[in-house]
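Asks: What follows is a single structure, and I will ask about it in a moment.
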Amino acid sequence: MLQERIDRVDSSVNSANLERLRLLESVAVHARDSIIITQAEPIDLPGPQIIYCNAAFTKATGYSAEEVVGLTPRLLQGPKTDPRLARAVAACARRVGANRDRNDQLSQGRQRILG
């Protein structure tokens, strides 16, 4: 009896998590903006690997998902990329920021480049 109740709770929790993941996937798939998702580490060379890109990214860059998954976003840097800008982006990705939550409590978190 107890195991049946536990199984029902596990099933509903897993179902809710699965639904949330499907919603997030739908947002990424249908977004008009380019989206890439990378591993969180390493920030330094060779850099984090791309694990996902959406159709808007492939349309904007000409790269297919198969070409970029497993590579680093640095593949988008070219000879005309301003090294100062690249360093600034890397510094921002490394910086740990002090943010406030809704209760005005400080929370530490890694700031990520989103745009």
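The values are calculated or read from the model by the stated rules, or taken from the named source; none is laboratory data. Just so it is clear, the structure is predicted and the values come from calculations on it, not from any experiment. As a convention, Cβ positions derive from the backbone with ideal geometry for all residues, glycine included, and neighbour counts pool all protein chains shown.
Asks: Answer yes if at least one residue in region 30-38 is free of Cβ contacts under 8 Å to residues at least 12 places away in the same chain, outside the structural domain of residue 91 (by TED's automatic domain parsing) and either within 22 Å of residue 91 (Cβ to Cβ) or part of a loop (DSSP other than H, G, I, E, B) (or both), and no otherwise.
Replies: no
Asks: Of all residues in region 59-108, which are more than 22 Å from residue 45 (Cβ to Cβ), of a type outside the set (A, V, I, L, M), modelled with pLDDT under 85 and loosely packed, with under 10 Cβ neighbours inside 10 Å?
Replies: 100, 101, 102, 103, 104, 105, 108
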